[in-house]
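I have placed the structure first, in the form of structure tokens, so that the comments after it can refer back to it.
What follows is calculated from the coordinates using simple rules that are stated; it is not laboratory data. Since the structure is predicted, the reported quantities are computational estimates derived from the model, not experimental observations. Glycine also receives a Cβ, built like all others from the backbone with ideal geometry; neighbour counts cover every protein chain displayed.
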């Protein structure tokens, strides 16, 4: 009896140990395809190469960063800057966050299909504040056009509200927030039937591979004309903010908890070595949104096709 009891205790201890190890690494999964695929690539590679179990946790990007600050999540697969610069700086000052030095160059704009530009005459973002121009994007007959500005949980969406207010087209356009797959389906449909459409766009992204997309013109980025006040910090955030020029040069990085450097140094070393190219990100997005593959399948296929790169990152 004692022997069996001891064996049972051993099994329980092993299970608890396994659960504890699994909980050591939690990867936040935000709501866009390239980040979702990257999260799975990291999870699978940690298990395959280092024997480290990781959990995936679907959250909004700001929630993920807050959780890293509390120690509840250890990895964010795609932190966009300058969108999250203020949050990243605070976490860096608190010495709880690290960014991979290997970022991916990116862009953020307001876009339209080329047919839209040719048929409506729109050229600039500021044109959207003209009621006559805006009416050309009215699909529900309420006298205002529609523009997708991002998903509800994206940091860029709040900034796009500020930009719309600064340019004045929040008065002439309905600012739509919805999941990216729904918005991209609307772009596909509009392109197929020749209906005018205007939307927030970012790159690298598969939409530039699928359609002839035009980025609307804006004044070049001017830091003196960019003041971003977060909604969470001030009830008058919109009135106190300004952003009526193009975005600053954008880029994104893998972020991870500083605690990994001491608790799981091989994991931290691997994360800091990952180097993705814009073409990687575009292919991930395309495979999920266009080919309809599950993100976990895209991740495994990517890993299988990039074994040498992964081996370099593991050195």
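Observations, loosely collected:
- For region 21-99 versus region 213-252, the inter-centroid distance based on Cα atoms is 25 Å.
- Against the chain, whose longest principal axis comes from its Cα atoms, helix 155-167 is set at around 20 degrees.
- Residues 45, 87 arranged by fewest to most Cβ contacts within 10 Å: 87, 45
- Note on residue 119/residue 279: beta-carbon distance plugged into 1/(1 + (r/R0)^6) with R0 of 35 Å gives a FRET efficiency of 0.65.
- Sites residue 105 and residue 58 - FRET efficiency at Förster radius 45 Å, r taken between beta-carbons, to 0.05: 0.95
- Counting only alpha carbon atoms, the long axis of helix 278-289 and the longest principal axis of the chain meet at about 90°.
- Packing-based exposure ordering (other Cβ within 10 Å, fewest first) of 208, 199: 208, 199
- Shape class for region 169-315, computed from the alpha carbon gyration tensor (a ≥ b ≥ c): oblate, with a/c not under 1.5 and a/b at or below b/c.
- Modelled spin labels at residue 24 and residue 66, positioned 7 Å past Cα toward Cβ, are 2.9 nm from each other.
- A value for Cα extents along the principal axes in Å was derived from the coordinates, and within the list (i) 103, 47, 37; (ii) 84, 41, 39; (iii) 50, 44, 37 it appears as (ii).
- Folded to 0 to 90 degrees: helix 295-305 orientation relative to the chain principal axis, Cα: 70 degrees
- Residue 262-residue 230 pseudo-label distance in nm [points 7 Å out on the Cα-to-Cβ vector]: 2.6 nm
- Neighbour-count ranking [beta-carbon atoms within 10 angstrom, fewest first] of 163, 114, 98, 195: 114, 195, 98, 163
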